[in-house]
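Have a look at the structure below before the remarks.
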Amino acid sequence: MAKINLNVNNQTYKFEAEEDMPLLWAIRDFVGLKGTKYGCGIAQCGACTVHLDGVAIRSCQMPVGNISKKQKITTVEGLGTPETLSAVQEAWIEEQVPQCGYCQSGQIMSAVALLKDNPSPTDEDIDAYMNGNLCRCGTYDRIRKAIHRAAGESAKDDIGKR
Amino acid sequence: MMKNVNTRRDFIKLSSLGGLGLVLGVNQLGHAAGVKKLTVAAAELEINPFVIIGTDGIVTLVNSRPDMGQGSTQAVPSLIAEELEIDLKDINLIQSDGRRKYGSQQSGGSSTVRGLWTNLRKAGASAKEMLIEAAANQWGVSTDQCYAENGKVILKGQNKSLGYGELAEAASKLPVPENPKLKDPADFRYLMKFNKRLDVPDRVTGKAVFGIDVEVPGMLYASVIHPPSVQGKLISFDDSAARKVIGVKEVLKTKSYYPGGDTEALAVVADNYWSAQKAAKLLDIKWDDGDLKKTLNTDKYVSDMYEAAKGEGINSEEDGDFNAFYAASENKLEGIYETPFLSHSAIEPVNATAHVKEDGTVDVWAPIQGPDGALSETAGLLGISPDKVKIHPQLLGGSFGRKAFMNFMKEAVDLSRQMKAPVKVIWSREEDMSQGPYRPAMLSKMQGVIGRGNSLAALSHHAVGESIMGQHWGGLMPYQADGWIGGELSKDNHKYNFPVHKLTYSRVKTQIPILWWRSVYASNFGWGQECFIDEMAHKAGKDPIAARKELLKNSPRDLKVIAKLEEVLEKQGALPDGHVRGIAMFRSFETMSAAAVQLTKTDEGLKVVKVTSIVDCGMHVNPDHVKAQTEGNIVMGLSAAVKGGITFSNGKCDQQNFHNYQFMRFAEMPEVDIHIVENMEHPGGVGEPGLPPIAPALGNAIFNLTGKRLRKLPIDLASV
């Protein structure tokens with residue numbers, strides 16, 4: 001057991017846990033934020049995607065002991081709430097992207113990271129960047145449209161900074 | 001509010017309407033005014049309280065169909081609210097808990113809207129008429145001077161209105177209208193109109209609570225290891241390493257509930273899920289793989305099916321004497337089409353939380369497709385009265401049929417009983433994938449005759465493979481053809497007017513556990529049937545669309561579907577050089593769906609460029625739901641056609657996770673173009689019918705591009 005000190009969505013969480021526990025389970029069961037999802041546990045589906053210092057990572061592959069308290073973790077809850085939506089989330093609503101919605105936290109976290117690197121991605125850019133995020137309901141086409149929509153918005157709202 | 005629903009026995013008036021009854025209840029909730037409930041009985045004489053109106057004006061509607069992504073949390077209240085005249089933004093929505101008064105609560109068979117279309121509208125309309133009458137009585141006017149709008153009854157021409165909450169008590173004492181008047185579709189505010197789903201904001205902010213997210217105070221977490229081989233038996237285990245993992249509370253046996261019979265499984269229970277999953281991997285378990293290790297593999301099952309295809313199946317339906325006609329004909333053809341086993345692989349693995357309490361009551365929180373089945377299975381497992389069980393259906397993170405088979409829920413119940421604490425079971429992806437049950441692998445042996453004048457004169461479809469009904473419930477006698485398959489492939493369903501037509505079925509048994517999977521057998525047999533119609537058209541020298549038009553000449557509604565497909569394809573303009581299309585159509589769940597797949601060859605192999613789908617589902621709740629479901633069906637249908645299936649070797653599943661069981665990713669996603677045939681027919685299904693034509697449209701496109709007739713799925717697009 002080790003003392004874990006995590007900065008998640010600009011809040012500090014302290015708890016004791018084993019250092020080899022993936023960040024995914026620390027976020028879900030110790031921090032108590034359930035928006036980040038378990039899908040495969042082997043970085044094949046992207047449902048667990050979060051940002052570590054602004055970079056999209058698969059939280060199922062990141063041992064919680066490897067993260068320092070200075071590093072900033074952002075989960076989907078840190079992007080916005082239904083009352084204060086980020087531009088990407090708004091675009092997701094405009095395009096009515098989710099069906100079941102289970103993978104969408106991961107999709108959105110990947111999309112935000114993509115737009116940060118590449119504010120106006122082409123279809124090919126989106127396909128390449130998003131290829132690690134699976135959606136079994138088949139919302140890929142709407143995700144593409146939502147990313148383009150958010151890219152259009154991002155010039156105004158500067159969502160890339162989030 | 002949910003609590004209130006259970007105590008509504010105080011006053012109940014039942015009108016006997018012979019088929020449709022309406023129940024009105026008022027209950028005392030420990031406070032004087034109480035909550036007024038307007039409740040409605042739908043068909044099948046089951047009492048379904050879908051509308052609850054509080055004296056405070058709060059309107060609560062009940063969704064009796066769990067939402068797995070198909071949109072029932074929007075569709076069901078839309079049906080009620082349309083007639084009740086209430087804004088969807090102003091309602092509370094609760095899930096039904098499995099009690100009989102709600103009727104059938106299974107999300108499945110694409111049945112929600114087509115099954116509830118009339119009764120839920122009547123539920124809303126009855127309540128509205130009673131509220132209007134109560135208001136008219138209060139004002140001393142006739143009901144035709146009043147109308148309902150946005151949760152109020154309004155007196156025409158005067159500035160007077162009464163809220164539903166103010167009227168609820170008086171309304172509850174009125175007689176129930178026998179035949180409430182339903183709105184003219186021209187006046188629809190929600191139905192058949194684009195409306196944004198109100199639950200989408202929660203689904204993009206991490207707020208939506210899926211089964212896997214349920215938290216109960218004092219809850220423990222379990223990871224379960226099942227026999228790796230089908231029907232394998234637990235001999236012994238060493239849990240010393242597992243028990244050393246911090247957080248582990250217990251290692252214990254549970255039952256693995258399967259169609260072929262129950263076996264033992266092993267569970268690690270811990271105070272957090274990671275500890276349970278980590279420790280489960282450290283268990284040293286000795287399994288007896290049994291005799292199936294030597295005999296159970298997919299190759300054997302598939303070769304058994306080809307052997308069975310040589311014989312005659314059990315007759316399900318026949319027009320004319322096909323065999324005699326076929327034997328005497330010169331211009332004939334045949335081909336055997338094959339589909340593989342498939343995993344549902346919802347991204348949310350199966351999971352459930354249960355609390356078997358000391359007082360003998362039980363709570364279950366689970367992502368399940370049917371709370372009614374969950375209720376009876378939980379009560380049955382524990383040998384207790386259903387009154388003691390409370391089912392709390394949760395959002396499903398995908399399901400596609402899998403979470404209608406609730407062995408994972410029974411494990412949670414059993415483990416909670418043993419641990420005397422609430423327990424959440426989450427299967428690892430590996431368990432979810434390698435345990436099944438699966439979409440069965442099946443064969444279609446197709447035979448056809450081209451008659452005089454190059455007409456498509458005779459068709460025989462010999463369906464071969466394991467029966468879901470037979471494997472799960474022993475419900476299929478050796479002399480019977482599977483009725484589900486028969487229904488799907490009957491002439492009544494496809495409407496192809498072959499003068500000579502035969503449909504037969506041969507059951508080939510396997511112990512590989514099988515289950516319904518999005519569109520069930522239509523996903524198997526659509527492949528054979530629609531590729532073969534294409535083969536016949538080519539052999540007769542006909543255009544595949546023209547050939548289908550001739551076959552459907554007595555089915556005007558289906559001809560409109562083809563006409564719509566032609567119109568849409570024409571609008572898309574001439575195909576670029578090197579591009580081809582294939583088409584197919586298939587009716588399932590009372591909806592005809594036609595598809596065109598546009599294909600080209602690239603350096604990396606064949607590429608699906610665009611999929612066009614036409615859906616004739618009749619009336620619907622929301623065209624955007626129809627499109628979303630159809631997009632999903634295109635993706636799942638293509639995945640089923642071009643990605644590897646599930647295979648078994650030596651009694652075990654060969655696939656474990658998404659690295660070796662794949663489905664389509666972003667880069668493979670084609671452009672989609674979806675159109676709904678507009679008409680006022682009774683609603684058909686939407687969640688599944690878009691899927692069956694996708695694979696055959698692709699197969700037919702491949703033939704048009706390469707001249708190769710592929711009959712076996714999956715197809716490796718890189719190597720065609």
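The numbers here are math on the coordinates, done by the rules we state, and not lab data. What you are looking at is a predicted structure, and each value in this text was computed from that prediction instead of being measured. Virtual Cβ from ideal backbone geometry, glycine too; neighbours counted across all protein chains shown.
Computed extension gain for residue B:709 through residue B:300, at 0.36 nm per residue and net of the alpha carbon distance, reaches 144.8 nm.
Take every DSSP beta bridge with both residues inside the protein assembly as shown and express the antiparallel ones as a percent of the total, to the nearest 5. Write out the running numbers ahead of the final one.
Numbers: 111 of 143 bridges.
That works out to approximately 80 percent antiparallel.
Amide H contacts for residue B:646 (H built 1.01 Å from N in the peptide plane; partners 5 or more residues away or on another chain; cut-off under 5 Å): B:341, B:342, B:343.
The relative contact order of chain B, computed from alpha carbon pairs under 8 Å that lie at least 6 residues apart in sequence, is 13 percent.
Dipole orientation for region A:6-160: of the candidates A:152, A:114, A:10, A:10 has the Cα lying most toward the positive pole (charges on Cβ; Lys, Arg +1; Asp, Glu -1). For the pair residue B:333 and residue B:667, label points projected 7 Å from Cα toward Cβ lie 3.6 nm apart. What the phi angles of region B:572-583 give under the Karplus curve with 6.51, -1.76 and 1.60, with θ = phi - 60°, is a coupling list of 5, x, 5, 6, x, 4, x, 9, 9, 10, x, 10 Hz, glycine and proline written as x.
Which percent, nearest 5, of DSSP beta bridges in chain B are antiparallel?
Percentage antiparallel, nearest 5: 75.
Give the peptides B:651-663, B:151-163 in descending order of average Cβ contacts within 10 Å, highest first. Can you show the working numbers first?
Working: B:651-663: 18.5, B:151-163: 15.7.
Per-residue mean Cβ counts within 10 Å order the peptides as B:651-663, B:151-163.
Here the 3J(HN,Hα) profile of region B:454-461, calculated from phi with Karplus coefficients 6.51, -1.76 and 1.60 at θ = phi - 60°, is 6, 7, 7, 9, 8, 9, 10, 10 Hz, Gly and Pro shown as x.
In the structure displayed, which of A:37/B:712; B:122/B:410; B:300/B:410; B:156/B:181 lie more than 28 Å apart, Cα to Cα?
On the way: A:37/B:712 35 Å; B:122/B:410 36 Å; B:300/B:410 32 Å; B:156/B:181 19 Å.
The pairs that break the limit, which is 28 Å between Cα atoms, are A:37/B:712; B:122/B:410; B:300/B:410.
Report summary: the helix-based calculation at 222 nm, which adds -39500 (n - 2.57) for every DSSP H run with n ≥ 4 and divides by the residues of chain B, gives -9000 deg cm²/dmol.
Just check chain B against the gyration tensor rule for me: Cα atoms, a ≥ b ≥ c as the square roots of the eigenvalues, rounded for a/c under 1.5, and otherwise prolate or oblate depending on whether a/b exceeds b/c. All intermediate terms of the calculation are to be shown ahead of the outcome.
Working: a/c = 2.00, a/b = 1.19, b/c = 1.67.
It comes out oblate by the Cα gyration axes.
Placing dummy labels 7 Å off each Cα toward the beta-carbon, the span from residue A:83 to residue B:181 is 4.4 nm. Shape verdict for the protein assembly as shown, please, from the Cα gyration tensor: rounded (a/c under 1.5), prolate (a/b greater than b/c) or oblate. Since a/c stays below 1.5, the shape of the protein assembly as shown is classed as rounded.
Placing a label point 7 Å from the Cα of residue B:376 along the Cα-to-Cβ direction, no residue of region B:254-271 has a backbone N closer than 16 Å. With a Förster radius of 60 Å applied to the C-beta separation of residue B:554 and residue B:144, the computed FRET efficiency comes to 0.85. Straight Cα distances below 20 angstrom link residue B:286 to the aspartates and glutamates B:238, B:239, B:250, B:262, B:264, B:430, B:431, B:654, with same-chain residues fewer than 8 positions distant left out. Provide the gained length on full extension for the span residue B:678 to residue B:490, in nm with one decimal, where the gain is 0.36 nm per separating residue minus the Cα-Cα distance. The residue B:678-residue B:490 span can extend by a further 65.1 nm.
Per the helix-only calculation at 222 nm, which mean residue ellipticity applies to chain A, given -39500 (n - 2.57) for every DSSP H run of n ≥ 4 and division by its residues, nearest 500 deg cm²/dmol?
Numbers: 5 runs with 52 residues, N = 162.
Result for chain A: -9500 deg cm²/dmol, rounded to the nearest 500.
Close amide H pairs (under 5 Å, H built 1.01 Å from N) link residue B:369 with B:404, residues at least 5 positions away or on another chain. Less than 11 Å from a label point 7 Å out along the Cα-to-Cβ axis of residue B:236: which backbone N atoms in region B:282-324 qualify, by residue? Within reach of a label on residue B:236, which here means backbone N under 11 Å from a point 7 Å along Cα→Cβ, region B:282-324 contributes B:286. Relative contact order of region B:349-407, taken over Cα pairs closer than 8 Å and 6 or more residues apart, is 37 percent. In summary, the lysines within cross-link reach of residue B:564, defined as a Cα separation below 20 angstrom excluding same-chain residues under 8 places away, comprise B:495, B:542, B:549, B:553, B:610, B:627.
Label-to-label distance, residue B:649 versus residue B:388, with points set 7 angstrom from Cα along the beta-carbon direction: 4.8 nm.
Residue B:284 to residue B:255: extension gain in nm, 0.36 nm per residue of separation minus the Cα-Cα distance?
Gain on extension, residue B:284 to residue B:255, equals 8.6 nm.
Anisotropy class assigned to region A:80-161 is oblate, per the alpha carbon gyration tensor with a/c at or over the 1.5 cut-off and a/b no larger than b/c. Distance from the alpha carbon centroid of region B:558-580 to that of region B:464-527 works out to 32 angstrom.
Couplings for region B:381-390, taken from phi via the Karplus curve 6.51 cos²θ - 1.76 cosθ + 1.60 with θ = phi - 60°, read 4, 8, x, 10, 5, x, 4, 7, 10, 10 Hz in order; Gly and Pro are left as x.
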